[in-house]
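Here is the structure we will look at, set down as C-alpha coordinates.
The values are calculated or read from the model by the stated rules, or taken from the named source; none is laboratory data. Treat the numbers as computed from the prediction; the structure is a model and nothing was measured. When we count neighbours, we look across all protein chains shown, and the Cβ atoms used for this are built from the backbone with ideal geometry, even at glycine.
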(Lines give C-alpha, C1' and ligand atoms only; values in the text may rest on other atoms or scores of the structure.)
Protein backbone atom coordinates (compact mmCIF):
# COMPACT_ATOMS: atom_id res chain seq x y z
CA UNK A 1 0.00 0.00 0.00
CA UNK A 2 1.21 3.51 -0.80
CA UNK A 3 0.22 6.73 1.02
CA UNK A 4 0.59 10.44 0.41
CA UNK A 5 -0.72 13.50 2.26
CA UNK A 6 -1.42 16.80 0.48
CA UNK A 7 -2.97 19.77 2.31
CA UNK A 8 -4.23 17.50 5.09
CA UNK A 9 -5.83 14.95 2.73
CA UNK A 10 -4.34 11.46 2.94
CA UNK A 11 -4.58 9.18 -0.10
CA UNK A 12 -3.92 5.45 0.36
CA UNK A 13 -3.93 2.95 -2.51
CA UNK A 14 -3.92 -0.86 -2.55
CA UNK A 15 -3.71 -2.84 -5.80
CA UNK A 16 -4.72 -6.32 -6.94
CA UNK A 17 -4.17 -8.34 -10.08
CA UNK A 18 -7.56 -9.53 -11.37
CA UNK A 19 -6.47 -11.77 -14.27
CA UNK A 20 -5.93 -11.92 -18.01
CA UNK A 21 -8.34 -12.16 -20.90
CA UNK A 22 -8.52 -11.57 -24.63
CA UNK A 23 -10.12 -8.47 -26.09
CA UNK A 24 -9.95 -7.72 -29.82
CA UNK A 25 -7.51 -10.64 -30.24
CA UNK A 26 -5.05 -9.14 -27.76
CA UNK A 27 -4.15 -10.21 -24.23
CA UNK A 28 -5.34 -7.71 -21.59
CA UNK A 29 -4.14 -7.62 -17.98
CA UNK A 30 -6.79 -6.48 -15.51
CA UNK A 31 -5.85 -4.67 -12.31
CA UNK A 32 -7.99 -3.44 -9.46
CA UNK A 33 -7.20 -0.70 -7.00
CA UNK A 34 -8.79 0.47 -3.77
CA UNK A 35 -8.41 4.15 -2.87
CA UNK A 36 -9.07 5.62 0.57
CA UNK A 37 -9.32 9.41 0.84
CA UNK A 38 -9.02 10.57 4.45
CA UNK A 39 -9.60 14.15 5.57
CA UNK A 40 -6.97 14.90 8.22
CA UNK A 41 -7.49 18.67 7.91
CA UNK A 42 -9.64 20.99 10.04
CA UNK A 43 -11.99 21.91 7.16
CA UNK A 44 -14.71 20.13 5.21
CA UNK A 45 -13.73 19.37 1.61
CA UNK A 46 -15.32 17.98 -1.52
CA UNK A 47 -13.74 15.97 -4.32
CA UNK A 48 -14.84 17.42 -7.67
CA UNK A 49 -12.67 15.90 -10.41
CA UNK A 50 -10.00 13.27 -10.99
CA UNK A 51 -6.97 13.07 -13.28
CA UNK A 52 -5.00 9.83 -13.86
CA UNK A 53 -1.99 8.87 -15.95
CA UNK A 54 -1.77 5.14 -16.56
CA UNK A 55 1.45 3.62 -17.93
CA UNK A 56 2.31 0.11 -19.06
CA UNK A 57 5.65 -1.61 -19.72
CA UNK A 58 5.19 -1.25 -23.49
CA UNK A 59 5.45 2.54 -23.15
CA UNK A 60 1.71 3.13 -23.65
CA UNK A 61 0.19 6.00 -21.67
CA UNK A 62 -3.49 6.64 -21.07
CA UNK A 63 -4.94 9.79 -19.50
CA UNK A 64 -8.26 9.55 -17.68
CA UNK A 65 -10.02 12.63 -16.33
CA UNK A 66 -13.54 13.45 -15.32
CA UNK A 67 -16.08 14.35 -12.68
CA UNK A 68 -15.85 12.74 -9.23
CA UNK A 69 -14.97 9.11 -8.55
CA UNK A 70 -17.26 6.20 -9.44
CA UNK A 71 -20.13 8.61 -10.06
CA UNK A 72 -19.76 10.41 -6.71
CA UNK A 73 -18.36 13.71 -5.50
CA UNK A 74 -17.82 12.87 -1.83
CA UNK A 75 -17.90 15.55 0.87
CA UNK A 76 -15.53 14.79 3.74
CA UNK A 77 -15.78 16.48 7.11
CA UNK A 78 -12.65 16.51 9.31
CA UNK A 79 -11.79 12.95 10.33
CA UNK A 80 -14.02 11.33 7.68
CA UNK A 81 -12.88 9.09 4.85
CA UNK A 82 -14.22 7.76 1.56
CA UNK A 83 -13.14 4.45 0.01
CA UNK A 84 -13.86 3.22 -3.49
CA UNK A 85 -12.74 0.45 -5.83
CA UNK A 86 -11.91 0.77 -9.50
CA UNK A 87 -9.69 -0.82 -12.10
CA UNK A 88 -7.85 -0.57 -15.38
CA UNK A 89 -6.65 -2.71 -18.27
CA UNK A 90 -3.06 -2.86 -19.46
CA UNK A 91 -1.51 -4.42 -22.55
CA UNK A 92 1.45 -5.67 -20.48
CA UNK A 93 1.75 -7.39 -17.08
CA UNK A 94 3.48 -4.35 -15.54
CA UNK A 95 2.49 -0.72 -15.23
CA UNK A 96 1.91 2.20 -12.90
CA UNK A 97 -0.60 4.94 -12.18
CA UNK A 98 -0.55 8.36 -10.56
CA UNK A 99 -2.58 11.53 -10.68
CA UNK A 100 -4.52 14.00 -8.58
CA UNK A 101 -7.96 14.96 -7.34
CA UNK A 102 -9.26 18.52 -7.69
CA UNK A 103 -10.97 19.41 -4.41
CA UNK A 104 -12.60 22.43 -2.84
CA UNK A 105 -12.23 23.61 0.76
CA UNK A 106 -15.65 24.67 2.06
CA UNK A 107 -14.21 27.08 4.65
CA UNK A 108 -12.12 29.10 2.19
CA UNK A 109 -13.94 28.15 -1.08
CA UNK A 110 -10.46 27.59 -2.56
CA UNK A 111 -9.84 24.79 -5.04
CA UNK A 112 -6.72 22.68 -4.52
CA UNK A 113 -5.04 19.59 -5.92
CA UNK A 114 -4.50 16.46 -3.85
CA UNK A 115 -1.76 14.29 -5.28
CA UNK A 116 -2.36 10.56 -5.79
CA UNK A 117 0.94 8.76 -5.18
CA UNK A 118 2.45 6.67 -7.98
CA UNK A 119 1.62 3.00 -7.48
CA UNK A 120 2.78 -0.07 -9.37
CA UNK A 121 0.59 -2.58 -11.13
CA UNK A 122 2.21 -6.00 -11.57
CA UNK A 123 0.96 -9.47 -12.36
CA UNK A 124 2.40 -11.92 -9.78
CA UNK A 125 3.30 -14.52 -12.44
CA UNK A 126 5.57 -12.01 -14.19
CA UNK A 127 7.66 -11.13 -11.12
CA UNK A 128 10.93 -13.01 -10.61
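Of all residues in the stretch 1-16, how many are touching a residue at least 24 places away in the same chain (Cβ under 8 Å) and in a strand (DSSP E or B)?
Just the residues of the stretch 1-16 that are touching a residue at least 24 places away in the same chain (Cβ under 8 Å), to begin with: 2-13, 15.
Now narrow it down to the ones that are in a strand (DSSP E or B): 2-6, 9-13, 15.
Selection size over the stretch 1-16: 11.
Out of 44, 86, which single residue is surrounded by fewer than 18 Cβ atoms within 10 Å (Cβ to Cβ) and in contact (Cβ under 8 Å) with a residue 60 or more places away in the chain?
Working: 86 fails: in contact (Cβ under 8 Å) with a residue 60 or more places away in the chain.
Step by step, each of 44, 86 is checked, and only 44 is surrounded by fewer than 18 Cβ atoms within 10 Å (Cβ to Cβ) and in contact (Cβ under 8 Å) with a residue 60 or more places away in the chain.
Among the residues of the stretch 51-68, how many are surrounded by 14 or more Cβ atoms within 10 Å (Cβ to Cβ) and either without any contact (Cβ under 8 Å) to a residue 12 or more places away in the chain or within 30 Å of residue 126 (Cα to Cα) (or both)?
Going residue by residue through the stretch 51-68, those that are surrounded by 14 or more Cβ atoms within 10 Å (Cβ to Cβ) are 51-57, 62, 68.
This time we only want the ones that are either without any contact (Cβ under 8 Å) to a residue 12 or more places away in the chain or within 30 Å of residue 126 (Cα to Cα) (or both), so: 51-57, 62.
Residues that pass the stated criteria total 8.
Return the pair list, or none, for Cβ contacts closer than 8 Å from residues in the stretch 92-103 that are free of Cβ contacts under 8 Å to residues at least 40 places away in the same chain to residues that are assigned to a strand (DSSP E or B) and crowded, with 22+ Cβ neighbours inside 10 Å, at least 6 apart or on different chains.
Sorted first by the residue in the stretch 92-103, then by its partner, the pairs are 94/121.
Can you name the condition, by its number, that residue 17 falls short on among (1) within 27 Å of residue 124 (Cβ to Cβ); (2) more than 18 Å from the chain's Cα centre (by Cα); (3) modelled with pLDDT of 95 or more?
(2)
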